[in-house]
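Visitor: Okay, handing you the structure first.
What follows draws every value from the coordinates through simple rules; no lab data is involved. None of the values given here were measured: they were computed from a predicted structure. Every residue, glycine among them, receives a Cβ derived from its backbone with ideal geometry; neighbour counts consider all protein chains shown.
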Amino acid sequence: MDESKVRLRALDLFMGLGFLAVGAFVVYDGFLAFYATQMATVERSSNPGVTSIFIGGLMGLLGLVIAAIGLLGSLHPLRIARQAVSETLQSKAFYRGAIALAGIAVYFFVFWDRIPYAISTFLFLAGMMTIFKAGAWWKIGIISGGTVAVVWYVFGVLAMIPLP
């Protein structure tokens, strides 16, 4: 097997373990919902916990299969993963993604419900476009303002959905 397939299989091991962990959490949460006191009057077959247990179990099983394929198909998964993480941390795309996630966190945890929707969303959009050099300042202003206006009108006015 060529080196690129061995590398992908090593990364499959970790992806499979991640899916297994998420599936286990969904199953756990499904059991909490299934046995919740609020669900005592709900028929067992229509209890939402059943769906969560089923979907989480399938996700966990598929994660286990992916992890097994990854383990069997790679020779040194930890060495390959260490190399992949090192390459990722040195890439420009990783830092751009981290900046985007930080911007989203500021928008939701700092701006949300503290600043009116139109102002917070305009600042978020304009800030992200400025950071990623989306164009001239006036284009960023027009796009941000237009987007906020359209979303406010469609959801806030036409659909009558309360915006934060």
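Visitor: So which lysines pass the test for residue 5, namely a Cα distance under 27 Å, with those fewer than 8 places away in the same chain ruled out?
Guide: 92
Visitor: Moving to a separate point now. 7 Å from Cα along Cα→Cβ at both residue 142 and residue 110: what's the point-to-point distance in nm?
Guide: 2.9
Visitor: Still on this structure, I have one more. Based on DSSP H assignment, which helices of the chain show an axial Cα extent of at least 27 Å together with a mean Kyte-Doolittle hydropathy greater than or equal to 1.6?
Guide: The qualifying helices are 48-73.
Visitor: With +1 assigned to the C-beta of every Lys and Arg and -1 to the C-beta of every Asp and Glu, and no other charges, what is the dipole magnitude of the chain about the Cα centre in debye, to the nearest 20?
Guide: That gives the chain a dipole magnitude of about 500 debye.
Visitor: Would you mind classifying the chain by shape? Square roots of the alpha carbon gyration tensor eigenvalues, ordered a ≥ b ≥ c; an a/c under 1.5 is rounded, otherwise it is prolate if a/b is larger than b/c and oblate if not.
Guide: oblate
Visitor: Using the alpha-carbon centroid of each, what span in Å lies between region 1-62 and region 91-137?
Guide: So the two Cα centres are separated by 32 Å.
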